[in-house]
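Following: one structure in structure tokens, then a few remarks.
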């Protein structure tokens, strides 16, 4: 049994993984930004240091703070450092998947390579740019896979003094992986399969009782399930299916049956087809095809010695297909229990991470069933165009980052100061890749950077999302309560971006502007720029990564 971890060929493959990650995601390093929920995390760290994690993510991921405890002293408030950390963690996760599979024997090298490449570039997930938020997920993936590698090493060790430290370390990583986030809980189903195959095909003199190694991991999984369903008071995601089952078992069962097959197809089939979609909006078709073809050729060249590898033994392929299918089914459990949708479009495609490893294992198993050359060429083609897809996605994020800088630059120019308690109302589309809470975090950082209290001085509300709840109605004199913000509908600004990206600060006269969405026309009636804009104020300590000096010659204060 091959259990060495650092042969020269393996090191070269890890370098190949990192090189491909640079080709696919390197655009995020050239012009680093913060996206998705990342501004909330950075603002929380800016205000409270690591203690800010509790407010930013601790309510839903109470055991995930260890990742930021390790990374924040290194990355601080630098988007480039966070993007690089996320890139390293994702590359490490793919490398660990390769290391795990190739330990099963010499015949597993090819599918191990394919599964790792596909895991690194998986096109079902397009939010690699959200570096801070998903650093937690990539670290949890590394912990889960690292735990399984140490488990196999403990099973192979003949000396008890060597096996016990390995087993203890593996159990710690297992707990870190599943308690940090439930996204990779499905990988726990692979443990008994890995142990059975590893021990059955190993050369250890004593195999009796080896499967008992799985019992501590099973115990950790049971404790996690009990904690998550009974003890944890986590507002999101909640186990909604349990509530639905108690209310109407038949309807809950129909929901389960209606979800499983479509979700498995989306994550394990449509995701790969997605990488060959030629409806490109961020790069030209020819650049996309050229990049995908060049990376395919590069992978074939790097793996040229393996192109003629013997594929006579199909057993590994069938085992991988079964393992991948079961892992996808298990990965679906957290989504079904919380009734969280799985889609390939932003932002719901983050949930494909739950099924990602299983989808990659199944794809590698299917490729293993092909003749040698066809398997390697198909794997290279899938990987090359998946990398091109991720490159195209990164181009779109670069455009969103420019729009965000332009928006806050125009806002700071047209409104040098804002009355505390001001809420900015907007309606989609405003800036892609940014939820309202992140826009609010940047707004507070821009206008009230030194605030260290729990209360927010400003807020940004998407009207259709909050109307009738936190935003009672589009009428003057009503209270606004949203999280740590308290305001009034008498102190609001309604804003929009026109087709040229120019900021429009709406006034009551815009109620009749037919070029605006209906909700924004209604919001214009209560928009009060004269009452909330402080023209004589001066920004003191805005976010250092935002370029507020960006000027758009076609835009003025309106």
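The values are calculated or read from the model by the stated rules, or taken from the named source; none is laboratory data. Everything quoted here is computed from the prediction, not taken from an experiment. Here Cβ is always computed from backbone atoms with ideal geometry, including for glycine, and neighbour counts include all displayed protein chains.
With within 20 Å of residue 550 (Cα to Cα) and either surrounded by fewer than 20 Cβ atoms within 10 Å (Cβ to Cβ) or not assigned by TED's automatic domain parsing to the domain that holds residue 130 (or both) as the only criterion, which of 420, 472, 432, 479 stands out?
Details: 420 fails: within 20 Å of residue 550 (Cα to Cα); 472 fails: within 20 Å of residue 550 (Cα to Cα); 479 fails: within 20 Å of residue 550 (Cα to Cα).
One residue alone meets the criteria, 432.
Among the listed residues 484, 437, identify the single one that is closer than 19 Å to residue 46 by Cβ, in contact with a helix residue (DSSP H, G or I) (Cβ under 7 Å, 6 or more places away or on another chain) and assigned by TED's automatic domain parsing to the domain that holds residue 528.
On the way: 484 fails: in contact with a helix residue (DSSP H, G or I) (Cβ under 7 Å, 6 or more places away or on another chain).
Going through 484, 437 in turn, just one is closer than 19 Å to residue 46 by Cβ, in contact with a helix residue (DSSP H, G or I) (Cβ under 7 Å, 6 or more places away or on another chain) and assigned by TED's automatic domain parsing to the domain that holds residue 528: 437.
Tell me, yes or no, whether the stretch 343-352 has at least one residue that is surrounded by fewer than 18 Cβ atoms within 10 Å (Cβ to Cβ), in contact with a helix residue (DSSP H, G or I) (Cβ under 8 Å, 6 or more places away or on another chain) and more than 21 Å from residue 93 (Cβ to Cβ).
Scanning the stretch 343-352 turns up at least one residue that is surrounded by fewer than 18 Cβ atoms within 10 Å (Cβ to Cβ), in contact with a helix residue (DSSP H, G or I) (Cβ under 8 Å, 6 or more places away or on another chain) and more than 21 Å from residue 93 (Cβ to Cβ).
Against the conditions (1) touching a strand residue (DSSP E or B) at 6+ places or on another chain (Cβ under 6 Å); (2) within 22 Å of residue 502 (Cβ to Cβ); (3) buried (at least 22 other Cβ atoms within 10 Å of the Cβ), where does residue 408 fall short? Just the number, please.
Condition not satisfied by residue 408: (1).
Can you name every residue in the stretch 320-349 that is under 15 Å from the mean Cα position of the chain (by Cα) and more than 25 Å from residue 245 (Cβ to Cβ)?
Within the stretch 320-349, 344, 345, 346, 347, 349 qualify.
Please pick out the residue among 190, 152 that is crowded, with 20+ Cβ neighbours inside 10 Å, in the same structural domain as residue 57 (by TED's automatic domain parsing) and at pLDDT below 90. Let's see the steps before the verdict.
On the way: 152 fails: at pLDDT below 90.
Among 190, 152, only 190 is crowded, with 20+ Cβ neighbours inside 10 Å, in the same structural domain as residue 57 (by TED's automatic domain parsing) and at pLDDT below 90.
What number of residues within the stretch 516-545 are closer than 18 Å to residue 458 by Cα and part of a loop (DSSP other than H, G, I, E, B)? Walk me through how you get there before you give the answer.
We begin by selecting, within the stretch 516-545, every residue closer than 18 Å to residue 458 by Cα; these are 523, 526-535, 537-543.
Among the residues that remain, those that are also part of a loop (DSSP other than H, G, I, E, B) are: 526-528, 534-535, 537-543.
Final tally of qualifying residues: 12.
Give the residue that is farthest from the chain's Cα centre (by Cα), with candidates limited to residues of the stretch 482-501 that are surrounded by fewer than 17 Cβ atoms within 10 Å (Cβ to Cβ) and either closer than 19 Å to residue 444 by Cα or in contact (Cβ under 8 Å) with a residue 24 or more places away in the chain (or both). Quick ask: steps written out before the conclusion?
Applying the first criterion (surrounded by fewer than 17 Cβ atoms within 10 Å (Cβ to Cβ)) to the stretch 482-501 yields 483-484, 486, 488, 490, 498-501.
Still in the running and either closer than 19 Å to residue 444 by Cα or in contact (Cβ under 8 Å) with a residue 24 or more places away in the chain (or both): 483-484, 486, 488, 490, 500-501.
Details: 483: 24, 484: 26, 486: 31, 488: 35, 490: 38, 500: 30, 501: 28 Å.
Going through the qualifying residues, I end up with 490.
Identify the single condition in (1) under 18 Å from residue 11 (Cα atoms); (2) surrounded by fewer than 24 Cβ atoms within 10 Å (Cβ to Cβ) that residue 111 does not satisfy, given that it satisfies every other one.
(2)
Kindly indicate whether any position in the stretch 97-110 is touching a helix residue (DSSP H, G or I) at 6+ places or on another chain (Cβ under 8 Å) and under 23 Å from residue 342 (Cα atoms).
So far as the stretch 97-110 goes, no, none of its residues is touching a helix residue (DSSP H, G or I) at 6+ places or on another chain (Cβ under 8 Å) and under 23 Å from residue 342 (Cα atoms).
Inspect the stretch 260-278 for any residue being exposed (fewer than 11 other Cβ atoms within 10 Å of the Cβ), farther than 30 Å from residue 60 by Cα and either in contact (Cβ under 8 Å) with a residue 40 or more places away in the chain or touching a strand residue (DSSP E or B) at 6+ places or on another chain (Cβ under 7 Å) (or both) and give the result as yes or no.
The answer is no, given that none of the residues of the stretch 260-278 is exposed (fewer than 11 other Cβ atoms within 10 Å of the Cβ), farther than 30 Å from residue 60 by Cα and either in contact (Cβ under 8 Å) with a residue 40 or more places away in the chain or touching a strand residue (DSSP E or B) at 6+ places or on another chain (Cβ under 7 Å) (or both).
Identify all residues within the stretch 452-467 that are under 11 Å from residue 426 (Cβ atoms) and surrounded by fewer than 17 Cβ atoms within 10 Å (Cβ to Cβ); write none if there are none.
464, 465
Among the candidates 173, 229, 164, single out the residue that is modelled with pLDDT under 95, assigned by TED's automatic domain parsing to the domain that holds residue 330, closer than 30 Å to residue 55 by Cα and assigned to a helix (DSSP H, G or I). Before you say what the answer is, go through the steps one by one.
Numbers: 173 fails: modelled with pLDDT under 95; 164 fails: closer than 30 Å to residue 55 by Cα.
The unique qualifying residue is 229.
Any chance you could count how many residues in the stretch 150-171 are without any contact (Cβ under 8 Å) to a residue 12 or more places away in the chain and within 30 Å of the chain's Cα centre (by Cα)? Walk me through it before giving the result.
Our first condition is that a residue be without any contact (Cβ under 8 Å) to a residue 12 or more places away in the chain; within the stretch 150-171, this holds for 157, 159-165, 168.
Restricting the remaining residues to those that are within 30 Å of the chain's Cα centre (by Cα) gives 168.
The number of residues fulfilling the criteria is 1.
If residue 370 satisfies all but one of (1) outside any helix (DSSP H, G or I); (2) touching a residue at least 12 places away in the same chain (Cβ under 8 Å); (3) within 28 Å of residue 238 (Cβ to Cβ), what's the number of the condition it fails?
Tallying (1) outside any helix (DSSP H, G or I); (2) touching a residue at least 12 places away in the same chain (Cβ under 8 Å); (3) within 28 Å of residue 238 (Cβ to Cβ), residue 370 fails exactly one: (3).
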